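Each remark here refers to the structure printed beneath this line.
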Amino acid sequence: MNKRLSRLLLLFSILCFVNQISAQEKVTIESLLNEMVDRDAIARYPENNFRLKQASSYNRASVKPEDSLGWFTNHDYNKAENDHNFIRTEETNGEKEWVLMDHVGAGAIVRVWTPWLKQLEPGSDIDIRVYLDGNPKPVFEGNMISLFDGTGIFPYPFAHPSLRSGVSFFPIPYAKGCKITSLKQPFFFQYTFREYNEGTPVKTFTMEDFNKAKPLIEKIGNELSNPQNTKEGQLASIKKKLRSNKEAFVNLPKGTAAVRSLVLKLGDYKDPAIMRSVVLKMEFDGQQTVWTPIGDFFGTGIGLNPVKGWYQTVEDDGTMSCRWVMPYQKSGKITVLNLGHKPVDVQLDATIGDWTWDNESMYFNAAWRGQYPVPTRPFSDWNYITLKGRGVYVGDALTIMNPVKRWWGEGDEKIWVDGEDFPSLFGTGTEDYYAYSWGGRSTEFYEHPFHAQPRSYVYNKLNPKTTNEKNTSGYSTETRTRALDGMPFESSLQLDMEVWSGTDCDMGYGVGVYWYGDANTTSNRKPDPKGVLEIPPLPEGFPNIEKK
């Protein structure tokens, strides 16, 4: 090849790269806010490709799974002088700062979680500073909880007090880098952020831009707080009494389209086990992508536990809605299967609307895994899901059975993406992953557009907690769904949750998981009709939930 041709090819490659970048939408506060409520967007592989990362106070003794002692070390906070679960310390003009996050490159903070310092005393006495793009002056600073609990800069529902925590999903984009520091030794912390591909155009967050965006912030906040099912489109319905081990199905309209809302209601919910024994199945373009018990699909767990979120809602009367967009190219089929021993009355309505299929369109998937017993000793990692191929992980609903009063959920999430050597996200506790803290005491019902605790011990929305008792026995259901903190992967994703209870006992685990993927993306989860009927038994003498 002659030198002139080589130069022309190089120039052509550069021009293609420049054109690709210029064609990308610039990432801004406004674009991220709009993306947060764009349910179509999450069903397509992101145009501005990124990987989700997390800076947390995980224990630095955890280096590799082969070191069973270090991998399960649970001291994932900072309290004593010799605790170093942060990046480093710095001193500027005689002032010491603890560095909690230090990301170089384009990105956006999309989730913040920080807990109370004490179980029964709200708040924290630790201030933080957020520096963007190497600027020596922080873009904002303040108390590390009140900044993110809805009482500070960022309003509800983007920021939320949760249970004994401050949690924020407000997007903070930056073009060159982000550093977060504290002015005292930090306690627990999690800062989850997008790491964009090199060359992604990003407009860095400023308070001036934030103030200009307030009308949009109010609009998006109202949408998040009042999620609506799609009403326009063709209706596909099932209305039938299903006998034991029987199913009913409906074929969806032929051609390219998308399920835009799904509403399911049973005749009664007297038996809590019905939420496991009735299963939802879906096929798109000839492939089954959904096989999940309805309680785990809608995030209500075992029994009827009402809860409202951006993607899923369970009403007091048992009407269950889902707003995941589920596109297909040629055909679709929805089936309800009754694996229980008694007949069940089923009413299902799916609304199907338009969809333009392209190379970035993906299929919706949902699967379930259950196990009983799950021994708590020795400590172990319990695999939610392992995926191979391209896709975006978008949520899960965990239901556990704890046979003792003592707290069960100190286990950390560990999420590997695209074959990396160390998890992209290494957490600090199961309750932290589900956006609350002090789990041994936090058995109250709570809900938010992207996370909730529909049930814990005997408490749910219909039976609220009124005391400070500590009892985490029985069933607990925790949900987390993702918008800006969805997790794209090109070749693989593995999500493990550490089993770490304060008691040597046998627990029960069951999880519904949700993701989007290409037609050839695979998972290690298969239909388990036997497993859904093996519901972990409640402790002897356990009280039932009663509506007050």
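The values are calculated or read from the model by the stated rules, or taken from the named source; none is laboratory data. If you're wondering where the values come from, they're calculated on a predicted model, not measured in any experiment. When we count neighbours, we look across all protein chains shown, and the Cβ atoms used for this are built from the backbone with ideal geometry, even at glycine. Areas reflect the complete protein model, heavy atoms only, side chains present, ligands, DNA and RNA absent. Shrake-Rupley method; radii C 1.70, N 1.55, O 1.52, S 1.80 Å.
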query: Residues THR443, THR399: which one is within 15 Å of the chain's Cα centre (by Cα), farther than 25 Å from MET36 by Cα and modelled with pLDDT of 95 or more?
result: THR399
- prompt: Does LYS64 qualify as being over 28 Å from THR376 (Cβ atoms) and either out of contact with any helix residue (DSSP H, G or I) (no Cβ under 6 Å at 6 or more places or on another chain) or in a strand (DSSP E or B) (or both)?
  reply: no
- prompt: What are the residues in region 476-492 that are open to solvent by less than 10 Å² (accessible area, probe 1.4 Å) and either charged (D, E, K, R) or more than 24 Å from GLY301 (Cβ to Cβ) (or both), if any?
  reply: GLU478, ARG480, ARG482, LEU484, ASP485, PRO488, PHE489
message: If TRP438 meets every condition in (1) farther than 22 Å from GLY123 by Cβ; (2) open to solvent by 10 Å² or more (accessible area, probe 1.4 Å) apart from one, which number is that one?
response: (1)
- prompt: So, in region 170-189, of the ones that are open to solvent by less than 10 Å² (accessible area, probe 1.4 Å) and assigned to a loop (DSSP other than H, G, I, E, B), which residue ends up farthest from HIS451 (Cα to Cα)?
  reply: PRO186
query: Which fully enclosed strands (runs of 3 or more DSSP E) of region 254-315 have 1 or more residues being touching a Ser or Thr at 6+ places or on another chain (Cβ under 6 Å)?
result: 257-266, 278-284, 312-314
- line: Exactly one of SER57, SER31, SER62 is closer than 18 Å to PHE205 by Cα, open to solvent by less than 50 Å² (accessible area, probe 1.4 Å) and of a type in the set (S, T, N, Q), and that one is SER31
query: Out of region 82-119, which residues are open to solvent by less than 60 Å² (accessible area, probe 1.4 Å), of a type in the set (S, T, N, Q) and not in a strand (DSSP E or B)?
result: ASN85, GLN119
- request: Give the residue, chosen from THR192, THR200, that is open to solvent by less than 30 Å² (accessible area, probe 1.4 Å), at pLDDT 95 or above, assigned to a strand (DSSP E or B) and not charged (D, E, K, R).
  value: THR192
- prompt: Pick from THR479, THR472, THR430: which is within 15 Å of the chain's Cα centre (by Cα), closer than 20 Å to ILE535 by Cβ, at pLDDT 95 or above and among the polar types (S, T, N, Q)?
  reply: THR479
query: For region 216-227, what are the residues that are within 20 Å of SER261 (Cα to Cα), surrounded by fewer than 14 Cβ atoms within 10 Å (Cβ to Cβ) and in contact (Cβ under 8 Å) with a residue 12 or more places away in the chain?
result: SER225
field: Residue list for region 148-169, filter: assigned to a loop (DSSP other than H, G, I, E, B), among the hydrophobic types (A, V, I, L, M, F, W, C) and touching a residue at least 60 places away in the same chain (Cβ under 8 Å)
entry: PHE158, LEU163, PHE169
task: Collect the residues in region 241-252 that are surrounded by 16 or more Cβ atoms within 10 Å (Cβ to Cβ) and farther than 15 Å from LYS333 by Cα, keeping them in residue-number order.
output: LEU242
